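Visitor: Mind looking over this structure? Questions follow.
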Amino acid sequence: MMDKALADNLDRYISKLQEVSEHLKELRTSEFRKTNRNGPAIALKSAPDFLAYCALVALFRRNIGRLSEPSCVAIIVVPPQWKLGDVDEAARIILKGQDGLKICLHPTSKHKRGWEIDPEELLETGKKLIIFTQEGTVVHEDFELAATVFDKLNICDPRHLRALSKFRKCGPLTDDQAAVIALQPSDRMEAIFRRDQPASRAALRLAATQLDRSQAPKNLDVTKGFGKASTWALELKRDLADWRQGKLPWSDIDRGCLLYGPSGTGKTRFAAALAAECGLHLEATSVPKWQSYKDGDLGDMLAAMYKAFAAAKENAPCLLFLDEIDAIGDRAKFPSRHDTYSTTVVNAFLECLDGAEGREGVIVLGACNFPQKIDPAVLRSGRLEKHVHFPLPDATARGEILGFHLPSLANDNALKEIAARLPGKSGADLEMLAREAKRTARLEMRDVNIADVRSKVVVPAPLDAPTLYRVAIHEAGHALIAHAFSLGKIEHVEVYDNVKHFATITDSNGTTKAELPPRHYLTRWDAMKMITADLAGAAAEDLIFGHRSNWSSGSRESDFAKATTTAIEMVTEYGFGSSLYFLPNSIDITAASKLWEDLPLRDEVSDILQEQYQRARDMLDRLKPCLLKLADALVKHKRLDALQLEPYWPGATKTKTTDRRSHRSH
């Protein structure tokens with residue numbers, strides 16, 4: 001591919017690159033080919049061509065011996081942010097007139113019909129071949145076997161960037177500015193190196209943008225406020241420290257984890273913060289991005305997947321974050337018309353997770369809203385083996401999120417108080433709140449203050465006496481049935497008047513918190529008791545007031561939603577219905593309409609719910625004095641902890657501290 005004459009040409013090019021042509025202004029586009037080895041002319045014609053040209057010259061020089069062999073096959077890996085076409089153009093400038101030489105741009109993906117290249121034709125005996133391939137792309141196995149040179153193109157060397165800046169009269173560049181520019185894609189180089197304009201200005205803007213993007217995760221404390229996810233983050237950080245010190249083998253580290261929970265909770269931001277906390281490089285992508293890569297066919301999808309894992313391995317130790325991973329699907333549920341495509345995708349993903357070459361130093365973190373949609377093989381041990389529920393942020397985490405978006409107010413206790421009174425708000429909700437507060441201040445041309453934040457918070461209306469009493473009856477119903485069935489230790493029961501007592505954990509008017517013991521097995525009676533307890537709040541309202549409110553329904557976390565889910569599982573998974581069949585996940589719980597398509601199942605679930613609702617109402621009717629006493633106490637004290645609840649359970653010794661109020665006025 002390259003003989004002595006070519007080596008001499010390259011040496012002459014290097015010396016020309018160090019000169020500033022006195023006749024630079026006289027060069028014209030039409031003369032470009034005539035000056036095809038003149039660095040200044042190339043720099044004026046095309047910034048990407050010039051930088052690729054310089055990088056190729058350096059690569060050829062360090063491989064000159066092997067490239068000069070009679071028959072040579074060189075695989076040259078091009079960074080992902082650079083187009084193969086730009087490198088191809090530069091190679092043709094350098095190698096123009098060389099006989100017996102072929103240049104091949106390797107396809108970025110294998111089409112479903114196979115490779116769209118013919119290696120047998122390209123690998124003709126006695127010919128020299130240069131193959132340009134994108135980083136992260138799978139290379140045809142025949143080329144890998146025949147390769148005599150395998151090297152990576154180092155584009156955007158600081159010396160080359162400074163030369164380009166000099167030729168285009170774009171001024172000097174510092175090391176930091178050159179480093180920022182080097183990370184940019186090839187199609188940005190013309191904008192950065194505009195003739196007679198300072199390239200340092202573009203570099204400063206790029207650096208400022210990167211700083212804005214990098215500050216967010218580093219300011220979040222992933223070890224607090226995110227429930228079990230915080231516990232896992234602490235364990236991972238400790239294990240990685242031991243691995244780096246050689247105290248722990250990689251096989252003992254959680255190499256894959258699935259975060260699942262409501263949308264907008266900040267799983268992406270958590271991943272970035274986790275990478276920063278653990279000192280890992282972050283590669284972030286999503287399954288929908290893979291699906292939309294290029295033309296979106298199977299080959300493109302697989303190419304995007306392989307590229308993501310290759311980039312993670314190259315930058316190990318690395319955290320590979322895969323958002324919307326439930327889009328990968330489940331092979332058992334694919335429609336027949338998509339079965340081949342989807343099954344191939346899942347199989348390829350499994351291969352990436354635990355391929356023969358391994359992935360030491362790469363932790364895969366998936367995130368989704370609906371884990372039940374993911375193929376079980378993806379979630380087994382050795383793959384995404386750890387499954388962590390990612391909740392809505394608690395009061396502390398909400399304060400940290402608001403503090404990040406409003407750094408000037410981060411240490412203000414008033415901001416923390418506001419955050420505590422925003423239960424149920426996701427990270428996305430809090431970001432929007434901060435954005436609206438800053439917009440208010442910006443319109444008045446001043447800094448943001450606490451008043452701006454308060455003005456954007458929707459304050460819940462105070463509950464009047466009848467409404468507060470209804471809430472107390474509802475929560476007392478839950479508590480009494482849960483206690484009667486010994487479902488778990490009831491830690492506290494609470495109601496909120498939105499005057500002095502506000503919700504801080506869940507967006508509701510009241511809560512009954514119970515610590516449920518772990519269950520190693522479930523009986524039909526256990527499942528029935530759980531449903532009865534879920535429906536007890538509505539049943540208590542119905543008993544006392546003759547009708548119920550909408551507090552028991554309206555969301556996937558509501559009492560009725562939980563009871564319905566349990567009833568469906570009883571019938572389809574546990575064999576607790578009228579049939580013994582086993583159809584796990586046969587109903588998509590996230591799509592309520594699916595239940596109505598299966599009429600026998602709908603009728604059976606409805607019968608279970610009606611039966612347990614009536615059971616709850618009948619039990620509470622027998623416990624009515626206790627129900628009223630407990631509700632009265634909740635109205636008076638707003639919160640009763642475990643010990644304070646003891647006098648109100650059935651059979652407890654009567655005390656003089658109970659406060660009985662007639663409900664007739666309500």
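Visitor: Going by the alpha-carbon gyration tensor, a ≥ b ≥ c the square roots of its eigenvalues, is the stretch 73-162 rounded (a/c under 1.5) or, if a/c is not under 1.5, prolate (a/b greater than b/c) versus oblate?
Guide: oblate
Visitor: Where does the Debye-calculated log10 I(q)/I(0) of the stretch 465-648 sit at q = 0.18 Å⁻¹, using only Cα point scatterers of equal weight, no solvent?
Guide: Evaluating at q = 0.18 Å⁻¹ gives log10 I(q)/I(0) of -1.18.
Visitor: Which of the listed residues, Ala208, Pro119, Pro466, is farthest toward the dipole's positive end in the chain, when Lys, Arg count +1 and Asp, Glu count -1 at the beta-carbon?
Guide: The listed residue farthest towards the positive side: Ala208.
Visitor: Which far-off residues, 5 or more places away or on another chain, put their amide H under 5 Å from the one on Lys102, with H placed in the peptide plane?
Guide: Answer set, sorted by chain and number: Lys128, Leu129, Ile130.
Visitor: Quick one: order Leu620, Leu105 by neighbouring beta-carbon count within 10 Å, fewest to most.
Guide: On the way: Leu620 23, Leu105 17.
Fewest-to-most ranking of Leu620, Leu105: Leu105, Leu620.
Visitor: Only loop residues by DSSP count here, and only those with at most 13 other Cβ atoms within 10 Å; note down the trypsin sites (Lys or Arg not before Pro) in the stretch 287-381 that meet that. Present the calculation step by step, with values, prior to reporting the outcome.
Guide: Numbers: sites: Lys289, Lys294, Lys307, Lys313, Arg331, Lys333, Arg337, Arg359, Lys373, Arg380; in loops: Lys294, Arg359, Arg380.
Of the trypsin sites (Lys or Arg not before Pro), the ones in loops of the stretch 287-381 whose Cβ has at most 13 other Cβ atoms within 10 Å are Lys294.
Visitor: Neighbour counts of other C-beta atoms within 10 Å: give me Arg188, Arg238 arranged from fewest to most.
Guide: By the 10 Å Cβ count, ascending: Arg238, Arg188.
Visitor: Tell me whether the stretch 366-406 comes out rounded, prolate or oblate; compute the Cα gyration tensor, take square roots of the eigenvalues as a ≥ b ≥ c, and use a/c under 1.5 as the rounded threshold.
Guide: prolate
Visitor: About its Cα centre, what dipole magnitude does the stretch 408-456 give when the only charges are +1 on Lys and Arg Cβ and -1 on Asp and Glu Cβ, stated in debye to the nearest 20?
Guide: Roughly 80 debye for the stretch 408-456.
Visitor: Still on this structure, I have one more. With both bridge residues required to lie in the chain, what share of the DSSP beta bridges run antiparallel, to the nearest 5%? Walk me through the numbers on the way to the answer.
Guide: Working: 10 of 45 bridges.
If I count the DSSP bridges inside the chain, around 20 percent turn out antiparallel.
Visitor: Let me ask you something else. Which residue, chosen from His483, Leu105, Gly266, occupies the Cα position most advanced towards the positive end of the dipole of the chain, where the dipole is computed from +1 (Lys, Arg) and -1 (Asp, Glu) charges on Cβ about the Cα centre?
Guide: Of the candidates, Gly266 comes out farthest on the positive side.
Visitor: Another one. I'd like to know which of Ser342, Ala420, Val605 lies farthest towards the positive end of the charge dipole of the chain, counting +1 on Cβ of Lys and Arg and -1 on Cβ of Asp and Glu.
Guide: Ala420
Visitor: Give me the distance between the Cα centres of the stretch 601-632 and the stretch 280-336, rounded to whole Å.
Guide: 48
Visitor: Just in the stretch 514-556: which chymotrypsin sites (Phe, Trp or Tyr not before Pro) are loop by DSSP and have at most 16 other Cβ atoms within 10 Å?
Guide: Working: sites: Tyr521, Trp525, Phe545, Trp551; in loops: Tyr521.
Sparse-neighbourhood loop chymotrypsin sites (Phe, Trp or Tyr not before Pro): Tyr521.
Visitor: Helix 47-62 against the longest principal axis of the chain: what's the angle in degrees, Cα atoms only, rounded to the nearest 10?
Guide: The helix 47-62 is inclined about 70 degrees to the chain.
Visitor: If you don't mind, another one. Suppose every Lys and Arg Cβ carries +1 and every Asp and Glu Cβ carries -1, with no other charges. What dipole size does the stretch 465-648 come out with about its Cα centre, to the nearest 20 debye?
Guide: 560
Visitor: Could I ask something else about it? log₁₀ I(q)/I(0) of the stretch 220-389 at q = 0.10 Å⁻¹, via Debye over equal Cα point scatterers, no solvent, to two decimals?
Guide: Scattering profile of the stretch 220-389, log10 relative to I(0): -0.36.
Visitor: May I ask for the distance between the Cα centers of the stretch 36-89 and the stretch 440-498, given as a whole number of Å?
Guide: Measuring centre to centre over Cα atoms gives 65 Å.
Visitor: Relative contact order, percent, of the chain when contacts are C-alpha pairs under 8 Å separated by at least 6 residues?
Guide: Reported relative contact order: 9 percent.
Visitor: Check Lys489: other-chain or 5+ apart residues with amide H under 5 Å from its amide H, H built from backbone geometry?
Guide: Amide H neighbours of Lys489: Glu515.
Visitor: Suppose each label sits 7 Å from its Cα in the direction of the beta carbon; what would the His389-Leu248 distance come out to in nanometres?
Guide: Modelled inter-label distance: 2.5 nm.
Visitor: If you don't mind, there's one more thing I want to ask. Just one of (i) 0.98; (ii) 1.09; (iii) 1.06 is Rg/Rh (Cα atoms, Kirkwood Rh) calculated from these coordinates, so which is it?
Guide: Recomputing Rg/Rh (Cα atoms, Kirkwood Rh) here gives the entry labelled (ii).
Visitor: Can you list which of the trypsin sites (Lys or Arg not before Pro) found in the stretch 429-478 are DSSP loop residues with at most 11 other C-beta atoms within 10 Å?
Guide: Arg446
Visitor: Another question, then. Multiply the residue separation of Asp221 and Thr440 by 0.36 nm, subtract the distance between their alpha-carbon atoms, and state the gained length in nm to one decimal. Intermediate values should be presented prior to the final figure.
Guide: Numbers: separation 219, 0.36 × 219 = 78.84 nm, distance 2.81 nm.
Length difference between fully extended and current span is 76.0 nm.
Visitor: For Val459, Val453, which order do you get if you count the other beta carbons within 10 Å of each Cβ and list the fewest first?
Guide: Placing the least packed residue first, the sequence is Val459, Val453.
Visitor: Nearest 10 degrees, 0 to 90: what angle lies between the long axis of helix 599-622 and the longest principal axis of the chain (Cα atoms)?
Guide: 40
Visitor: To the nearest 20 debye, what charge dipole does the stretch 71-210 have about its Cα centre, counting +1 at the Cβ of each Lys and Arg and -1 at the Cβ of each Asp and Glu?
Guide: 880
Since every read-out is calculated from the coordinates, none of them should be taken as a lab result. Model, not experiment: these values are computed from the prediction. Virtual Cβ from ideal backbone geometry, glycine too; neighbours counted across all protein chains shown.
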